[in-house]
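Participant: Take this structure first; my questions come after.
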Amino acid sequence: MRVLLVEDDEETSAYLHRGLVERGFVVDTAARGEDGLHLAMTGAYDLIVLDVMLPGVDGWSILSALRESGRQAPVLFLTARDAVSDRVRGLEMGADDYLVKPFAFSELLARIRTVLRRGAPRQNDVLRVADLDVDTVRFVAVRCGRKLALTPKEFALLALLSRRVGEVLTRTLIAEQVWDMNFDSDSNVVDVHVRRLRAKVDDPFPSKLIHTVRGAGYVLEDRS
């Protein structure tokens with residue numbers, strides 16, 4: 001699932017980005033309204049988490065522009081504006097949910113899952129590679145009918161590989177997407193997590209799905 005987070009508070013943005021990535025989401029962020037609007041209008045997002053009070057273009061204007069253009073990506077307002085009139089305004093403008101700050105991350109995550117489950121099921125909710133199923137809404141991975149006991153980081157790594165099946169992903173890209181950090185060539189964090197993931201995804205099964213491409217990175221694909 002790809003999420004756009006439009007939030008101008010750096011601490012809140014970093015906190016949300018980290019939490020969502022750990023749960024398997026691919027997250028783009030914007031701190032200014034005009035940047036958020038540009039990303040929302042040009043990108044393909046499964047969900048947009050949107051603040052109201054933003055520098056430049058405010059959240060009301062972003063939502064209005066999206067709906068007027070015919071874009072129906074789900075929008076969840078996350079804002080300190082707690083007046084009933086604000087909540088009603090947001091929902092009447094076409095937002096799918098409205099959550100007031102301060103908030104509990106567990107509640108935000110529950111609301112995100114609820115919004116994503118509404119409507120017709122999307123084909124990309126469950127990513128399938130050979131006998132491996134990765135459910136990006138329920139955060140569950142199953143191989144050969146056996147549920148895999150993955151940590152949040154392992155699931156985020158597997159979800160990233162599954163979304164880009166057949167594509168060689170560099171260690172730098174993996175580090176940026178899963179750990180939200182610049183890759184240090186002296187760090188083996190990616191290799192360690194790939195090794196742990198293989199122990200759960202590949203080692204118990206005869207067919208291997210996670211492959212090393214020497215000098216390049218890693219790829220998930222069925223080579224049987």
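Just so you know, all these numbers are worked out from the coordinates, no wet-lab data involved. Only a predicted model underlies this, so the values are computations on that prediction, with no experimental measurement involved. Don't worry about glycine lacking a Cβ; one is built from the backbone with ideal geometry, like all the others, and counts go over all protein chains shown.
Participant: With a ≥ b ≥ c the root eigenvalues of the C-alpha gyration tensor of the range 125-220, is it rounded (a/c under 1.5), prolate (a/b larger than b/c) or oblate?
Facilitator: Numbers: a/c = 1.75, a/b = 1.50, b/c = 1.17.
Cα axes put the range 125-220 in the prolate bin.
Participant: Just want the answer: with Cβ charges of +1 for Lys and Arg and -1 for Asp and Glu, which residue in 56, 104, 37 is farthest toward the dipole's positive end in the range 2-117?
Facilitator: Toward the positive end, the furthest listed residue is 104.
Participant: Rounded, prolate or oblate, given the Cα gyration tensor of the range 2-117, with a/c below 1.5 counting as rounded? The partial results should precede the final answer.
Facilitator: On the way: a/c = 1.26, a/b = 1.12, b/c = 1.12.
Rounded shape, in that the Cα axes give a/c under 1.5.
Participant: I need the semi-axes of the equivalent ellipsoid of the chain: take the C-alpha gyration tensor, multiply each eigenvalue by 5, square-root it, list largest first in whole angstrom. Intermediate values should be presented prior to the final figure.
Facilitator: Working: eigenvalues 236, 69, 45 Å².
Whole-Å semi-axes of the equivalent ellipsoid: 34, 19, 15.
Participant: By per-residue mean of other Cβ atoms within 10 Å, what is the highest-first order of 42-48, 93-99, 147-153, 3-9?
Facilitator: Working: 42-48: 16.6, 93-99: 18.4, 147-153: 14.6, 3-9: 21.3.
Listed from highest to lowest mean packing, they are 3-9, 93-99, 42-48, 147-153.
Participant: Note the count of lysine pairs whose C-alpha atoms are less than 26 angstrom apart in the chain, limited to pairs 8 or more residues apart or on different chains.
Facilitator: Value for the chain: 5.
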